[in-house]
Amino acid sequence: MTTKKVLSIIGLSVAGILLLVAVFTSWYTVDESEQAVIITFGEAKETVVESGLHFKMPWPIQRAEIFSKETYSLQFGYNQNAEGEIVAYDKETKMITGDENIVLTDLVVQWKITDPKKYLFNSEAPQEILHDATSSSIRSIIGSSLIDDALTSGKAEIEAETRDLLASLIEKYDIGIMVLAVKLQDVELPNEEVRAAFTNVTDARETMNTKINEAKKYENQKRNEALGEKAAINSRAEGQKVSRIEQARGDVAIFDKLYTEYKTNPEVTQQRLVMETLETVLPNAKLYIMNDDGGTMKYLPLNEMQTVVPPAAEEKEETKETKEGGGN
């Protein structure tokens, strides 16, 4: 075989290889949950977010870097191996609180890529930067918090403050990612005896809160009862007030009428008032008109004289007498 043929075969082989490379590297696919960056001779040109089949210049002219749009999780202070076991890193999570106590703090940071160009070219290791910024943020917040807050009721506030501080740091670094959430996994003491003591403190605090809530409930119940009783007393008093006012007005009206009659006929009105007063003051008394002239006491039996025989009885008596007379 001549040299010319050998060179021809080599040339055709190289051309075939280049053609195959061009064919297989001139297209790429983007899923709905992905985004791509087209890099031309090492420079990011455009970002592709539409899903489907796309074409580009063959390698090495252009290449496509594909990233997920989904949320990533950064585990700080622990990791999970292939067997599902949790591996803790106590040296990384050991921190000092504002009241000079040591705690171990594990957390998870949820983040996503918002600008693939910056993620690729503004830093060599954006995830390491995120990890270091997370460590700085949580240490800063724990360092300004009390141990009671870190172990019990202040966890939500610590999470919010850590997220805000971390988000501001990542925004300054401008590495194309955004922090979505920070979730504390464990905040605990390194010593078992101290941990048990703080558990007792937590239980006592919960018992205290329960007692306080029960006391407030009892207080509200008694207050409502007192307010109801007060309203009832006020209502009765208002009713008595109205009743006495109306009674007084009626008495005034009666007095005005009596006074008018008195001006017309004072003597008769005076006697009638005396008699009505006696009937009111002495309703069941027997009245006798006495005449004491120094001798024998005589009286006029008014009550017996006021006893009147009913007309029906008189007629019956007269009929009886008539019958007896006719019989004779």
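The values are calculated or read from the model by the stated rules, or taken from the named source; none is laboratory data. As the structure is a prediction and not an experimental result, all values here were calculated from the model. Every residue, glycine among them, receives a Cβ derived from its backbone with ideal geometry; neighbour counts consider all protein chains shown. SASA here: full protein model, heavy atoms, side chains in, ligands and nucleic acids out. Shrake-Rupley method; radii C 1.70, N 1.55, O 1.52, S 1.80 Å.
The strands (runs of 3 or more DSSP E) located wholly in the stretch 32-112 that include 3 or more residues which are surrounded by 13 or more Cβ atoms within 10 Å (Cβ to Cβ) and under 47 Å from the mean Cα position of the chain (by Cα) occupy 34-40, 72-76, 94-96.
The residues of the stretch 149-199 that are assigned to a helix (DSSP H, G or I), open to solvent by 60 Å² or more (accessible area, probe 1.4 Å) and small (G, A, S) amount to a single one, A156. Per the conditions (1) in contact (Cβ under 8 Å) with a residue 40 or more places away in the chain; (2) over 14 Å from K94 (Cα atoms); (3) of a type outside the set (A, V, I, L, M), the sole criterion not satisfied by R139 is (2). If the Cβ limit is 8 Å and pairs must be 6+ apart or interchain, which residue in the stretch 195-220 that is within 19 Å of L146 (Cα to Cα) pairs with which residue that is open to solvent by less than 80 Å² (accessible area, probe 1.4 Å) and in a helix (DSSP H, G or I)? Sorted first by the residue in the stretch 195-220, then by its partner, the pairs are F198/I147; F198/L151; V201/D148; T202/L151. Residue count for the stretch 113-146, restricted to those that are in a helix (DSSP H, G or I), open to solvent by less than 20 Å² (accessible area, probe 1.4 Å), of a type in the set (A, V, I, L, M, F, W, C) and under 30 Å from E43 (Cα atoms): 2.
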